[in-house]
1. Looking only at residues in segment 230-245 that are free of Cβ contacts under 8 Å to residues at least 60 places away in the same chain and assigned to a loop (DSSP other than H, G, I, E, B), which one is surrounded by the most Cβ atoms within 10 Å (Cβ to Cβ)?
2. Identify the residue in segment 101-112 that is part of a helix (DSSP H, G or I) and crowded, with 24+ Cβ neighbours inside 10 Å and, among all such residues, is farthest from the chain's Cα centre (by Cα).
3. Identify, please: which residue in segment 161-177 is at pLDDT 85 or above and part of a loop (DSSP other than H, G, I, E, B) and is, among those, surrounded by the fewest Cβ atoms within 10 Å (Cβ to Cβ)?
4. Return a yes/no flag: does segment 140-160 have any residue that is open to solvent by less than 10 Å² (accessible area, probe 1.4 Å) and part of a loop (DSSP other than H, G, I, E, B).
5. Only one of these is crowded, with 22+ Cβ neighbours inside 10 Å, basic (K, R) and farther than 12 Å from I292 by Cα: R94, R120. Name it.
6. So which residues in segment 178-195 are open to solvent by 30 Å² or more (accessible area, probe 1.4 Å) and part of a helix (DSSP H, G or I), if there are any at all?
7. Output the number of residues of segment 262-302 satisfying the condition of being in contact with a Gly (Cβ under 9 Å, 6 or more places away or on another chain) and not hydrophobic (A, V, I, L, M, F, W, C).
8. Taking only pairs six or more apart or across chains, which ones have beta-carbon atoms under 7 Å, a first residue in segment 282-307 that is touching a residue at least 12 places away in the same chain (Cβ under 8 Å), and a second residue that is among the acidic types (D, E) and open to solvent by less than 30 Å² (accessible area, probe 1.4 Å)?
Amino acid sequence: MKTSPDVIEAAPAADGPPSATLGGDNKRSIEQIALLLFIVVPFVALVAAVPLAWGRGVSWLDLGLLVAMYYIGCHGITIGFHRYFTHGSFKAKRPLRIALAVAGSLAVEGPVVRWVADHRRHHRFSDAEGDPHSPWRFGETLPALMKGLWWAHIAWMFDEERTPQQKYAPDLIRDPAIRGISRHFLAFTILSLAIPPLVGGLVTMSWWGAATAFFWGSLVRVALLHHVTWSINSICHAAGKRPFKSRDKSGNVWWLAVLSCGESWHNLHHADPTSARHGVMKGQIDSSARLIRWFEQLGWATDVRWPDAARIESRRHSAEADAA
């Protein structure tokens, strides 16, 4: 299966793309309104979280649900949508393939086919014309960069033009299971938001327990994960150290590593997109790579593209970059 954005150039099918591609190449107004709601409502919850936590609005159960759901969705994105479906960093047995698509869908970041198509396009044109979310889109002056950071973080998702999925993700469209998961993204969104209040209500046997679990485990969790993921598009393409050679401005941002499950070691990723490990230097935490290693040991993942010393060194700017 070819998954590299450099080789996927399939022409659209003569009879049009399957329904799982979720529409044509322009976003409808209703989709943009729904997207706005999914951004604004969780963000308001995130803003309200601090004063609420100061009182009696949070419990250990709420925090446990937040952390558990956060890292299920985060690893679904980083391991599934990103390293596996987008870049083919390893091969997965069928049950793992489907589980990764479902886990990524629980992150509420869009259907898997659309997510992968956007990201493959991003790598093809990274920080150049055609990149759907480069912070350098408007230039390199400070005002232009501020505008670009806003574009890369959120605004690009409201662009009417949509990445042609038949061109950038034909392999996923051809898979009936993945196509079905992508098409039923709304159902997985509802499930993702419903799990915390259901667990919270059953454990506490109270509506209050369900309400606080929904606030923390659903709304705050989604908002936090969204902004961490979007920060990879914005912050990690405008700041951070760049010890490795890449044709863009991707950088390593250490303070996002734990929350991003290793994705913020972004410079190495753009220097070597198919690598299953992004944090390759000493002390660089990459929980996604650790889980892929466990999947490999269990026999669920094969042909993992682990970086070796020679491969890493060939991508360094210079020996002095070891200190970066």
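1. Ranking the qualifying residues of segment 230-245, first place goes to G240.
2. The extreme case among them is A101.
3. Taking segment 161-177 first, the residues at pLDDT 85 or above are 163-177.
Cutting the leftovers down to part of a loop (DSSP other than H, G, I, E, B) gives us 163-164, 169, 174-175.
Details: T163: 19, P164: 16, A169: 32, R174: 13, D175: 19.
The residue in question is R174.
4. From segment 140-160, those open to solvent by less than 10 Å² (accessible area, probe 1.4 Å) are 148, 152; that's our starting set.
Restricting the remaining residues to those that are part of a loop (DSSP other than H, G, I, E, B) gives none.
There is no residue in segment 140-160 that is open to solvent by less than 10 Å² (accessible area, probe 1.4 Å) and part of a loop (DSSP other than H, G, I, E, B).
5. Details: R94 fails: crowded, with 22+ Cβ neighbours inside 10 Å.
So the residue among R94, R120 that is crowded, with 22+ Cβ neighbours inside 10 Å, basic (K, R) and farther than 12 Å from I292 by Cα is R120.
6. Going residue by residue through segment 178-195, those that are open to solvent by 30 Å² or more (accessible area, probe 1.4 Å) are 179, 183-188, 190-191, 193-195.
Of everything in segment 178-195, those that are open to solvent by 30 Å² or more (accessible area, probe 1.4 Å) and part of a helix (DSSP H, G or I) turn out to be R179, R183, F185, L186, A187, F188, I190, L191, L193, A194, I195.
7. Going through segment 262-302, the residues in contact with a Gly (Cβ under 9 Å, 6 or more places away or on another chain) turn out to be 262, 264-268, 274, 277-279, 284-290.
Those left that are additionally not hydrophobic (A, V, I, L, M, F, W, C): 262, 264, 266-267, 274, 277-279, 284, 286-288, 290.
Number satisfying all stated conditions: 13.
8. Between residues of segment 282-307 that are touching a residue at least 12 places away in the same chain (Cβ under 8 Å) and residues that are among the acidic types (D, E) and open to solvent by less than 30 Å² (accessible area, probe 1.4 Å), the close pairs are P307/D272.
The values are calculated or read from the model by the stated rules, or taken from the named source; none is laboratory data. Here the structure is a predicted model, which means the values were calculated and not measured. FYI the Cβ positions are ideal-geometry reconstructions off the backbone, even for glycines, and counts take in every protein chain you see. Keep in mind that these areas ignore ligands, DNA and RNA; they rest on the heavy atoms of the full protein, side chains included. Shrake-Rupley method; radii C 1.70, N 1.55, O 1.52, S 1.80 Å.
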